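A.B. asks: Okay, handing you the structure first.
The values are calculated or read from the model by the stated rules, or taken from the named source; none is laboratory data. Please read these numbers as outputs of a predicted model, since none were measured by experiment. In this analysis, Cβ positions are derived from the backbone assuming ideal geometry, glycine residues included, and neighbour counts consider all displayed protein chains. In case anyone asks, the SASA skips ligands and DNA or RNA and just uses the protein heavy atoms, side chains included. Shrake-Rupley method; radii C 1.70, N 1.55, O 1.52, S 1.80 Å.
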Amino acid sequence: MDSMRGHEGIQMLLTAEQEAQQIVTVARNLKTTRLRQAKEEAEKDAGHYRSNLESEYQKRVGETSGNSGFTAERLEEETDVKIRNLKKSASKVQSDTVDMLIKYTTAAKY
């Protein structure tokens, strides 16, 4: 009887070990599946983020290059205004400057 009980005990231990092995295998498979899903989701999110950054970059590049013509025109206008102002100022003092130069070059010092 003791040998029967020992044999049954061993059989129970083997059965328990097999069940535990199955539980561990199922858990590993679930973990692997969850890791794959998490990786796929992360790659998908990273792709969306990357595409959003790229579209934002392209939008800014488009805005900047589109405004370069406007900026050039604005700078040209500002330059023309400054040149006109300088010419006005020069014409106001031109006669005084010429008179002063003539005065100092023709004046004789003894």
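A.B. asks: Got a number for carbon plus sulfur as a percent of the chain's accessible area, 1.4 Å probe? Kindly include the intermediate steps, with their values, before the conclusion.
C.D. replies: Working: 6160 of 10680 Å².
It is 58 percent, rounded to a whole number.
A.B. asks: Short version: ³J(HN,Hα) in whole Hz for each residue of segment 41-56, in order, from phi by Karplus 6.51 cos²θ - 1.76 cosθ + 1.60 (θ = phi - 60°), x for Gly and Pro, what are they?
C.D. replies: Along segment 41-56, the couplings run 5, 5, 5, 5, 5, 5, x, 4, 4, 4, 5, 5, 5, 5, 5, 5 Hz.
A.B. asks: In cubic angstrom, how much convex hull volume per residue do the alpha carbon atoms of segment 31-72 span? Numbers along the way, then the final one.
C.D. replies: Values: hull volume 1.2 nm³, N = 42.
Spread over its residues, the Cα hull of segment 31-72 gives 28 Å³ apiece.
A.B. asks: Hey, another quick one. Can you give the extra length, in nm with one decimal, that the chain gains between E77 and T25 once fully stretched, where that is 0.36 nm per residue apart less the Cα-Cα distance?
C.D. replies: Working: separation 52, 0.36 × 52 = 18.72 nm, distance 7.74 nm.
Residue separation times 0.36 nm, minus the Cα-Cα distance, leaves 11.0 nm.
A.B. asks: Per the Kirkwood treatment, what hydrodynamic radius in Å, one decimal, follows for the chain from the mean inverse distance over all distinct Cα pairs?
C.D. replies: Numbers: mean 1/r = 0.0412 Å⁻¹.
About 24.3 Å, per the Kirkwood formula over Cα pairs.
A.B. asks: How much of T105 can a 1.4 Å solvent probe reach, expressed as accessible area in Å² and rounded to 10?
C.D. replies: Accessible area, nearest 10 Å²: 110 Å².
A.B. asks: Tell me, what HN-Hα J-couplings in whole Hz come from the Karplus equation 6.51 cos²θ - 1.76 cosθ + 1.60 at θ = phi - 60° for each residue of segment 7-17, using x for Gly and Pro?
C.D. replies: 5, 5, x, 5, 4, 5, 5, 5, 5, 5, 5
A.B. asks: Further question on the same structure: Mind listing the phi-derived Karplus ³J(HN,Hα) values for segment 19-30, rounded to whole Hz, using 6.51, -1.76 and 1.60 with θ = phi - 60°, and x for any glycine or proline?
C.D. replies: With coefficients 6.51, -1.76 and 1.60, one gets 5, 4, 4, 5, 4, 5, 4, 4, 5, 4, 4, 4 Hz.
A.B. asks: Give me the accessible area per residue for the chain, probe 1.4 Å, as a whole number in Å².
C.D. replies: Values: 10680 Å² over 110 residues.
I get 97 Å² per residue for this part.
A.B. asks: Any idea what the dipole of the chain comes to, in debye rounded to 20, about its Cα centre with Lys/Arg Cβ at +1 and Asp/Glu Cβ at -1? Write out the running numbers ahead of the final one.
C.D. replies: Values: 18 positive and 18 negative charges, 187 e Å.
Rounded to the nearest 20 debye, it is 900 debye.
A.B. asks: Sticking with this one: Considering the convex hull of the alpha carbon atoms of segment 1-52, report its projected area averaged over all viewing directions, in nm², one decimal. Intermediate values should be presented prior to the final figure.
C.D. replies: On the way: hull surface 11.7 nm².
Mean projected area of the Cα convex hull: 2.9 nm².
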